[in-house]
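Asks: Submitted below is the structure of interest, expressed as structure tokens.
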């Protein structure tokens, strides 16, 4: 659910780099800010690294919750980084941010350069998330923390649930896997962080559940975040021969019904905090 | 995940009536008591109906949280009811309980006889849960509340996830559907309660997430609650021709691995509270 990718050689990307995608990421971050970000706050003066900041959708919330941090934000896409910079300039003009264009696997910072590392919807796009975590641990000081937020598309279930709706979600997972990523990464956070040598690994599910009693959440999350994300891979799914226009569009229509007054939608994010020993 | 069934003509039952099943239900209720029951407390003197109390696994927790209620507990199975009675006598000897053996669709109580209705893992076994809710609403006074707790086996996802493990879970859902139930009922609570005429319907997910950092939960929930429940349908799945002994056993072995130090397991219960207008 982000714009970070470790595969610069790919010109297409499972979540796209379009304007509507940037807007979707902004909508998503705004809807989910309480759920995902509320309990992350770093002391003023902390040296914080946001790895894979994308268009800055999470960056502005990080800065709002932690005024006075010394933030370094990196991304592989110069375009995304420019959007992040503009977004932060507009929403947090006083923030102290160093922008770095580059690959999180090869950061030009000394060992232990940061007190805290933060990444949100990034590992899901890495062909080798363990290698990514190892590279980030290098630049984290002993005793410093890493905070990781990831989704897991296998956590999506809904009512009414139709085979066509389920297939469209599966196409997204399949395309992301074909691109070297893992749309089911959330469930792997604990073993990945543990294997990377972090300690005190605490992973907590963060559940989004929308029903007819919560129309704003059904609109903001089910439709404008989740269904929009699935819909965005239409051309790619057709090009890959995974589906037909009719079947894909039926799946999207069925998914949209889950945001109606009789529908329900469930999705789980995972948030992990761990320490570099 | 209960022992209530609306189909007395069936001598077998998807979750079984054995001693080990009664023990499993007790383990499950004890592990989940905080998650599912902690926020349910009725004032002393309230007339409370527990519909489908089964072996009393939830009943003892209900009574512990609400001392002084006037509880009526019903179940379709005389055997289960006897076990519930013994359990309550042992764990809550001072409780004021009327035990009623009968079908929740045809309760011999006057309209509005109860201030509160409580049911846990019951609707999932009814061929027509809407009819069950209508029958329960009749005996609930205007302004009284109904509290419903249900699981949803479609919420189960885990790591590592193998096709064999997924298939064994699917067999459970399929067998329950063949028996007229719905192992995916949790996601339908909001529309069901709304359609039954309840108001102020508030449904909240209650997530169980176990990983290598929570071995007691992996043992108490993943293994002794969830895997034990799936394992219990082995004979039925084989008799129905859904699987082979080898494939079923491989699925169970794979599910067990998700409770190991590198595994993770996720499951969502839903708890609903609504008012009879």
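Derivation of every value follows stated rules applied to the coordinates shown; laboratory data play no part. Remember, it's a predicted structure, so these values are computed and weren't measured experimentally. Every residue, glycine as well, gets a Cβ built from its backbone with ideal geometry; the counts of neighbours run over all protein chains shown.
Asks: With N residues in chain A, what two-decimal value do you get for its Cα radius of gyration over 2.2 N^0.38 Å?
Replies: 0.98
Asks: Another question, if that's okay. Apply the a/c threshold of 1.5 to the C-alpha gyration tensor of the stretch B:175-277 and tell me whether it is rounded, prolate or oblate.
Replies: Because a/c hits 1.5 or more and a/b fails to exceed b/c, the stretch B:175-277 counts as oblate.
Asks: Over all directions, the average projected area of the alpha-carbon convex hull for the stretch B:97-243 comes to how many nm²? Numbers along the way, then the final one.
Replies: Working: hull surface 43.3 nm².
Mean shadow area of the hull around the Cα atoms is 10.8 nm².
Asks: Further question on the same structure: With just the Cα atoms defining each centre, how far is the stretch A:141-196 from the stretch A:199-277? Give it in Å.
Replies: 11
Asks: Divide by every residue of the protein assembly as shown the summed helix terms, -39500 (n - 2.57) for each DSSP H run of at least 4, and state the resulting mean residue ellipticity at 222 nm, rounded to the nearest 500 deg cm²/dmol. List each step's numbers first, then the result.
Replies: Numbers: 18 runs with 192 residues, N = 554.
The helix contribution divided over the protein assembly as shown gives -10500 deg cm²/dmol.
Asks: Follow-up. State, to one decimal in nm and shortest first, how far the label point of residue B:127 sits from each corresponding label point in the other identical copies (label point: 7 angstrom along Cα-to-Cβ).
Replies: Between copies, matching label points for residue B:127 lie 5.6 nm apart.
Asks: Continuing with this model, one more query. Considering only B:197, B:68, B:241, give the residue with the highest GNM mean-square fluctuation for chain B, with springs between Cα atoms whenever their separation is below 10 Å.
Replies: Its mean-square fluctuation being the largest, the pick is B:241.
Asks: Let me ask another. Would you mind calculating the relative contact order of the stretch B:35-79 from Cα pairs under 8 angstrom and at least 6 residues apart, reporting the percent as a whole number?
Replies: Here the relative contact order equals 50 percent.
Asks: Relative contact order for the stretch A:59-178 using alpha-carbon pairs under 8 Å, separation at least 6, rounded to a whole percent?
Replies: 22
Asks: Still on this structure: Mind checking the mean number of beta-carbon atoms from other chains within 10 Å of the Cβ atoms in B:175-186?
Replies: That average works out to 1.
Asks: Taking chain A as the reference, fit the longest principal axis to its C-alpha atoms, fit the long axis of helix A:129-138 to the helix C-alpha atoms, and give the angle between the two in degrees, 0 to 90, nearest 10.
Replies: It is inclined by approximately 20 degrees.
Asks: Go ahead and run the numbers for FRET between residue A:101 and residue B:240, Cβ-Cβ distance against an R0 of 45 Å, rounding to 0.05.
Replies: Numbers: r = 59 Å, r/R0 = 1.30.
Using R0 = 45 Å, I get an efficiency of 0.15.
Asks: When each copy gets a label point 7 Å from Cα toward the beta-carbon at residue B:240, what are the spacings between them in nm, shortest first?
Replies: 3.2
Asks: Could you work out how far helix B:245-257 tilts from the main Cα principal axis of chain B, as a 0 to 90 degree angle to the nearest 10?
Replies: Rounded to the nearest ten degrees, it is 80.
Asks: Given label points at 7 Å from Cα along Cα→Cβ, what nm distances, shortest first, separate residue A:103 from the same residue in every other copy?
Replies: Nearest to farthest, the other copies are at 6.9 nm.
Asks: Pick from A:81, A:192, A:119: which is most flexible by mean-square fluctuation in a GNM of chain A where alpha carbon atoms under 10 Å apart are linked?
Replies: So, out of A:81, A:192, A:119, the one fluctuating most is A:192.
Asks: So, one more: Using alpha-carbon pairs under 8 Å, 6+ residues apart, how would you state the relative contact order of chain A in percent?
Replies: Value for chain A: 22 percent.
Asks: When you look at the Cβ of every residue in A:259-267, what mean number of other chain Cβ atoms sits within 10 Å?
Replies: That average works out to 4.
Asks: Can you work out which chain B residue has the shortest Cβ-to-axis distance for the rotation that carries B onto A, and give it in Å?
Replies: Chain B residue with minimal Cβ-axis distance: B:207, 3.
Asks: Enter the mean number of other protein chain beta carbons within 10 Å of the beta carbon of each residue in A:188-194, as an integer.
Replies: The mean count of partner-chain Cβ atoms within 10 Å per residue comes to 5.
Asks: Per residue, how big is the convex hull of the stretch A:23-172 when only Cα atoms are used? Give it in Å³.
Replies: Hull volume over Cα atoms, normalised by residue count, gives 126 Å³.
Asks: Another question, if that's okay. Can you pull a Stokes-Einstein diffusion coefficient for the protein assembly as shown at 10 °C (1.306 mPa s), Rh from Kirkwood over Cα pairs, as a whole number of µm²/s? Don't skip to the end; give the middle numbers.
Replies: Values: Rh = 25.0 Å.
D, rounded to a whole number, is 64 µm²/s.
Asks: Still on this structure, I have one more. Whole number please: convex hull volume per residue, Cα atoms of the stretch A:164-206, in Å³. Kindly include the intermediate steps, with their values, before the conclusion.
Replies: Working: hull volume 3.1 nm³, N = 43.
Output value, Cα hull per residue: 73 Å³.
Asks: Which angle from 0 to 90°, rounded to the nearest 10, does the C-alpha axis of helix A:19-37 make with the longest principal axis of chain A?
Replies: Result, in degrees: 70.
Asks: For residue A:130 and residue B:275, what is the calculated FRET efficiency with R₀ set at 45 Å and r taken between the beta-carbons, to the nearest 0.05?
Replies: 0.35
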